[in-house]
């Protein structure tokens, strides 16, 4: 039986991590179908049908789907699930909110946040905030699996021509009402997908000092991250938080400035390809995961870092 | 309004996890255990709502082995009125726990069920959503702000894009984010008083729920270690290495 992928989108376009989830789905079974639930989402539906790994697309629209409420989404997917062996979605807040609701309706034990498909019924997933990896075999007839998007490469986004089938809307769940969404807009790359992330911790000492981080991020075309300590201290808003309770990032370059490296922060960034740590405490745990460590006062090191970057003829963007 | 709060006993968040050599799990013997951190936020919020006069009773519940009762006792020490301990041994998957909680909800008839958004041991992030599916109740996951308004809650949720606000009718499930509040510490007199508060013990087997695991944990291993890096002497060397050795800038 085939795999059913739940597409994440914003009604205008697919969210990038749908492509990573599609890759994971295709590693479970080459027969991948996808479902997209929304309102006025024609462009996103078209994008989904153009993913070469997706053979067929189910599209359903309705005003009660506009804000991605799990209570409205779950019945649609539960109904479709009959013909599928696996239901797959990204383990971001969209999928985390939605998938267990589907799994409970299907009476199946969900496998959350997998980082590797070992076989169609066996998966690798981090536990204890990534301090251990568990190999899990599911014995349920239907498997609900959420995938950690940064552990799978995005699939090709063009060239496919999956058939699109419109399906009927489910009834509205009237006990949950969407009120508002406050999205943090930024010209910078998104934290979850940026090639370079520059993060500050409690060592920054104030929100004003985060300007130093911003300057470097601008210079490198990087996203701005932060440790939970910096967020809790009010230096920066929590959508910048990297770690177990924030975002998991896997950039080519992660620069940790004034971050000691608590377990919960390391869980969110230690898979980065190259890690740089700048910290005045030479014993800080962050150095144990850093490829390049610089033991220095960050208020001296950051201006020097800018100076050195300015000397370079070219900087990769 | 009556609030049921589910709490879980996990390895303390400050403990460095050690994987057992035989690959069957992580070492839990002689390791400090505590209440799952966001479950503390869930208790705190319920107690605050009661203190504000908007709830009449806060009931703390845990599911697990005998020692799990410590988490209920701690909840009683910070303001919960009474406790329930559903006794069950062995691995309990979120699906099994949500089925047990469903039975307790049928019996206790709370207006709200609170719990942490995720347990820091298995990191599943499922139980609240599953319970709300089984009950066909609204769910407000990853809550960082809760306003109680008569028979409705306005909840601000932490989502990847920023913040989302929803309104849900009671009865409802709320899973709590660490940012929801600052859990209080139990004072010594309150710890003493909590010892006198009742905890009802129920055997999971008496609830008629199949809790047998559906998943097999084949192996638990240490994550691959990062290769030890180097310390650079100064910023110039760092930038040179990033440019010419790592080739990332």
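The values are calculated or read from the model by the stated rules, or taken from the named source; none is laboratory data. As the structure is a prediction and not an experimental result, all values here were calculated from the model. Neighbour counts run over all protein chains shown; Cβ positions are idealised from the backbone, glycine included.
Scan the range A:130-146 and tell me whether some residue there is modelled with pLDDT under 95, part of a strand (DSSP E or B), in contact with a strand residue (DSSP E or B) (Cβ under 7 Å, 6 or more places away or on another chain) and crowded, with 17+ Cβ neighbours inside 10 Å. Yes, the conditions are met somewhere in the range A:130-146. Checking each residue in the range B:160-184 for being buried (at least 20 other Cβ atoms within 10 Å of the Cβ) and part of a strand (DSSP E or B) picks out B:164, B:166, B:168, B:172, B:173, B:174, B:175, B:176. When residue B:63 is tested against the conditions (1) part of a strand (DSSP E or B); (2) surrounded by fewer than 22 Cβ atoms within 10 Å (Cβ to Cβ), the lone failure is (2). Here residue A:94 meets each of (1) in contact with a strand residue (DSSP E or B) (Cβ under 9 Å, 6 or more places away or on another chain); (2) free of Cβ contacts under 8 Å to residues at least 60 places away in the same chain; (3) not in a strand (DSSP E or B) with one exception, condition (2).
Of the residues making up the range A:154-170, not a single one is within 30 Å of residue A:213 (Cβ to Cβ) and part of a strand (DSSP E or B). Evaluate the range A:17-28: report whether one residue or more is modelled with pLDDT under 95 and not in a loop (DSSP other than H, G, I, E, B). Yes. When B:201, B:182, B:158, B:167 are screened for being at the interface with chain A (Cβ under 9 Å from one of its Cβ atoms) and either over 21 Å from residue B:111 (Cα atoms) or touching a residue at least 24 places away in the same chain (Cβ under 8 Å) (or both), only B:158 passes.
Counting only residues that are at pLDDT 95 or above and part of a loop (DSSP other than H, G, I, E, B), the range B:2-17 holds 2 of them. The residue of the range A:282-304 that is nearest to the other protein chains (Cβ to nearest Cβ), among those that are out of contact with any strand residue (DSSP E or B) (no Cβ under 8 Å at 6 or more places or on another chain) and closer than 16 Å to residue B:237 by Cβ, is A:304. When the criteria are applied in full, residue B:106 fails the requirement of being part of a loop (DSSP other than H, G, I, E, B), over 18 Å from the mean Cα position of the chain (by Cα) and surrounded by fewer than 22 Cβ atoms within 10 Å (Cβ to Cβ). Tally time: how many residues in the range A:130-143 are within 7 Å of chain B (Cβ to nearest Cβ) and over 22 Å from residue B:23 (Cα atoms)? Going through the range A:130-143 one residue at a time, the tally reaches 1.
All conditions in (1) within 29 Å of residue B:142 (Cα to Cα); (2) surrounded by fewer than 21 Cβ atoms within 10 Å (Cβ to Cβ); (3) out of contact with any strand residue (DSSP E or B) (no Cβ under 7 Å at 6 or more places or on another chain); (4) within 12 Å of another protein chain (Cβ to nearest Cβ) hold for residue A:190, with the sole exception of (3). On inspection, residue A:78 fails the criterion of being assigned by TED's automatic domain parsing to the domain that holds residue A:56, outside any loop (DSSP other than H, G, I, E, B) and buried (at least 23 other Cβ atoms within 10 Å of the Cβ). Pairs are defined by a Cβ separation below 8 Å, a sequence spacing of at least 6 or placement on different chains, a first member in the range A:130-155 that is within 21 Å of residue B:25 (Cα to Cα), and a second member that is part of a helix (DSSP H, G or I); the pairs so defined are A:130/A:266; A:130/A:267; A:131/A:263; A:131/A:267. Looking only at residues that are in a helix (DSSP H, G or I) and at the interface with chain B (Cβ under 7 Å from one of its Cβ atoms) in the range A:97-129, which one is farthest from residue B:11 (Cα to Cα)? Only one residue tops the list, namely A:105. Of all residues in the range B:124-159, those satisfying the criterion of being under 19 Å from residue A:102 (Cβ atoms), in contact with a helix residue (DSSP H, G or I) (Cβ under 7 Å, 6 or more places away or on another chain) and surrounded by fewer than 24 Cβ atoms within 10 Å (Cβ to Cβ) are B:124, B:134, B:135, B:159. Of all the residues in the range A:281-300, those that are in contact with a helix residue (DSSP H, G or I) (Cβ under 7 Å, 6 or more places away or on another chain) and part of a loop (DSSP other than H, G, I, E, B) number 1. Tally up the residues in the range A:182-209 that are at pLDDT 95 or above and either in a helix (DSSP H, G or I) or within 24 Å of the chain's Cα centre (by Cα) (or both), please. Residues flagged as at pLDDT 95 or above and either in a helix (DSSP H, G or I) or within 24 Å of the chain's Cα centre (by Cα) (or both) within the range A:182-209 amount to 9.
Only residues that are facing another protein chain (nearest Cβ under 10 Å) and part of a helix (DSSP H, G or I): list them for the range A:267-280, please. Within the range A:267-280, A:267 is the sole residue that qualifies. If you go through the range B:204-249 and pick out every residue that is outside any loop (DSSP other than H, G, I, E, B), within 9 Å of chain A (Cβ to nearest Cβ) and over 30 Å from residue A:219 (Cβ atoms), you end up with 7. Selection of the range B:111-139 for residues being part of a strand (DSSP E or B), more than 8 Å from chain A (Cβ to nearest Cβ) and more than 10 Å from the chain's Cα centre (by Cα) yields B:112, B:113.
Does residue A:255 satisfy the criteria of being part of a loop (DSSP other than H, G, I, E, B), under 24 Å from the mean Cα position of the chain (by Cα) and at pLDDT 95 or above? Against the criterion (part of a loop (DSSP other than H, G, I, E, B), under 24 Å from the mean Cα position of the chain (by Cα) and at pLDDT 95 or above), residue A:255 does not qualify. Residue count for the range A:224-252 satisfying the condition of being part of a strand (DSSP E or B) and more than 11 Å from chain B (Cβ to nearest Cβ): 4. A count restricted to the range A:27-52 and to residues that are closer than 24 Å to residue A:121 by Cβ and surrounded by fewer than 22 Cβ atoms within 10 Å (Cβ to Cβ) stands at 5.
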